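Participant: After the C-alpha cells below, expect a handful of questions from me.
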Amino acid sequence: MNRIKKRFVAGARCPKCQALDSIMLFKEDNVETVECTECDYREQQTKQSVAKPATGGIIPIRLED
C-alpha cells in the first residue's frame, strides 16, 4: 500500500472558500492535485495546462538613476 505524501502550501488561499493555509498539494496517479481541507475544492493539473509552452518573454527591469 502506497501512501500519498501531502504538503501544505504556506500562505495559499483557497479560491472557493478563501480559507488561508488550507491548500494541500499532492500527486495522485502521477497527476498534481490541490485540495482544500476546509471545503470541497479540488483541482487537478490537466494535460492541456502542462502542454502549453513557456512564452519566453523578457521581463523588463527598471534601473534607478
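Participant: Kindly provide the set of residues from the stretch 1-28 that are closer than 16 Å to residue 43 by Cβ and either open to solvent by less than 50 Å² (accessible area, probe 1.4 Å) or polar (S, T, N, Q) (or both), ordered by number.
Facilitator: Correct list: 12, 14, 18, 19, 22, 23, 24, 25, 26.
Participant: Something else: Are there any pairs with C-beta distances below 9 angstrom linking a residue in the stretch 25-45 that is farther than 14 Å from residue 15 by Cβ and touching a residue at least 24 places away in the same chain (Cβ under 8 Å) to a residue that is among the polar types (S, T, N, Q) and not in a loop (DSSP other than H, G, I, E, B), with the two at least 6 apart or on different chains, and if so which?
Facilitator: Within 9 Å, the pairs are 28/44.
Participant: Restricting to the stretch 1-35, name every residue that is part of a loop (DSSP other than H, G, I, E, B) and of a type in the set (A, V, I, L, M). Walk me through it before giving the result.
Facilitator: Going residue by residue through the stretch 1-35, those that are part of a loop (DSSP other than H, G, I, E, B) are 1-6, 9-12, 14-19, 21-22, 29-30.
Residues satisfying the conditions are 1, 4, 9, 10, 12, 19.
The values are calculated or read from the model by the stated rules, or taken from the named source; none is laboratory data. In this text the structure is predicted, and so the values were computed from the model without any measurement. Reconstructed Cβ throughout: ideal geometry from the backbone, glycine too, with neighbour counts over all protein chains shown. SASA here: full protein model, heavy atoms, side chains in, ligands and nucleic acids out. Shrake-Rupley method; radii C 1.70, N 1.55, O 1.52, S 1.80 Å.
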